[in-house]
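Have a look at the structure below before the remarks.
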Amino acid sequence: MVVRKYPRFPVTIPSTLIQRDKLRYTGSVKDLSQKGCRIESVIRPFTGMQLELQLQPSGESTPITISNATVRWTGTHGIGLEFLTLEPSEQERLNRVIAQLASPARKISLAS
């Protein structure tokens, strides 16, 4: 059993993976935590690859940018990324999304 520092939340958030400021791949975030996520995408990166990630949560006019994420695993269930570098303003935006996902009201509405 894997013990995690930060809880994961199931989501479906459109995303863009950017490699070396040039190559762009679309994806969909399926699990999100404070320090990482699982993405489904056509890209098949190698473990250790560094990427920029842009998340586009609903209701947000601009994407949340994680300037440096590293690939921790890849497989049939997608790509596991660890967030290494976020600007403080982007961290605050991510924190707000996580807080919404963790709110008891959201859990009640999902159970209904």
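The values are calculated or read from the model by the stated rules, or taken from the named source; none is laboratory data. Here the structure is a predicted model, which means the values were calculated and not measured. Quick reminder, even Gly has a Cβ in these numbers, built from the backbone with ideal geometry, and neighbours come from all protein chains shown. Note: accessible area is taken over every heavy atom of the protein model, side chains too, but ligands, DNA and RNA are not part of it. Shrake-Rupley method; radii C 1.70, N 1.55, O 1.52, S 1.80 Å.
Can you run down the residue pairs with Cβ atoms below 8 Å, 6 or more apart or on separate chains, where the first is in region 74-93 and open to solvent by 30 Å² or more (accessible area, probe 1.4 Å) and the partner is in a helix (DSSP H, G or I) and at pLDDT 95 or above? Sorted first by the residue in region 74-93, then by its partner, the pairs are LEU86/LEU94. For beta carbons closer than 7 Å, sequence separation of 6+ or different chains, a first residue in region 16-38 that is more than 16 Å from THR70 (Cα to Cα) and a second that is in a strand (DSSP E or B) and small (Gly, Ala, Ser), the qualifying pairs are THR26/SER41; SER28/SER15; LYS30/GLY78. Could you go through region 1-12 and let me know if any residue there is modelled with pLDDT of 95 or more and over 15 Å from GLN100 (Cβ atoms). No, the conditions are met nowhere in region 1-12.
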